[in-house]
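The values are calculated or read from the model by the stated rules, or taken from the named source; none is laboratory data. All values derive from a computational prediction rather than experimental measurement. Cβ coordinates were reconstructed from backbone atoms using ideal geometry, including for glycine residues, and neighbour counts include every protein chain displayed.
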Amino acid sequence: MICIDASVVGRLISSDEQVERLNSRYEEARLAGENFFAPHLLPFEVASLLQKKRIRKILTSAEALGALHQFQEMQIEMVFFDGLIDRCMALAEAYGSELTVYDASYLAVAEHLKADFWTADRPLFDAVSVNFPKIHFIG
């Protein structure tokens, strides 16, 4: 099981040629039977990321919509569990300004599922990797 965050998804649905290694790793995991999970807020984070790229004219509206459809086909199971928000708040409080509640939600899901956690967010990885050995920087 792998919890995947918006930073990784954003790269996977990117048209950037530099993400080939990440795409290969994702496909290898999928072919090996790994299932991917994320907190239920992931679609909103991905849509927000695409909207920002559209506003900055990095993507056209059609490209952003295409990337959103690509994301929707990725078969990532959205997770909600009792106590999620409480755990997110506790994690965010423990790390102070280094961890947002949004980022904490991915940690909480990974922790709850006892899953690996993939992120391409270096500050997040650096902030929590000592205490969360199942976090992997996928940059």
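General remarks:
- Residues that are part of a helix (DSSP H, G or I) and closer than 15 Å to Val8 by Cβ, drawn from the range 49-79: Leu49, Leu50, Ala67, Gln70, Phe71
- All of (1) within 16 Å of Cys3 (Cα to Cα); (2) in contact with a Leu (Cβ under 8 Å, 6 or more places away or on another chain) hold for Arg25 with one exception: (2).
- If the condition is being farther than 19 Å from Ala29 by Cα and charged (D, E, K, R), then the range 112-138 contributes Asp121, Arg122, Asp126.
- Checking every residue in the range 112-123 against the condition of being without any contact (Cβ under 8 Å) to a residue 60 or more places away in the chain and not in a helix (DSSP H, G or I) gives zero matches.
- Flag for Leu50 being farther than 15 Å from Leu107 by Cβ and among the hydrophobic types (A, V, I, L, M, F, W, C): yes
- Unique residue being closer than 18 Å to Met1 by Cα, at pLDDT 95 or above and of a type in the set (A, V, I, L, M) when the list is Leu31, Leu107: Leu107
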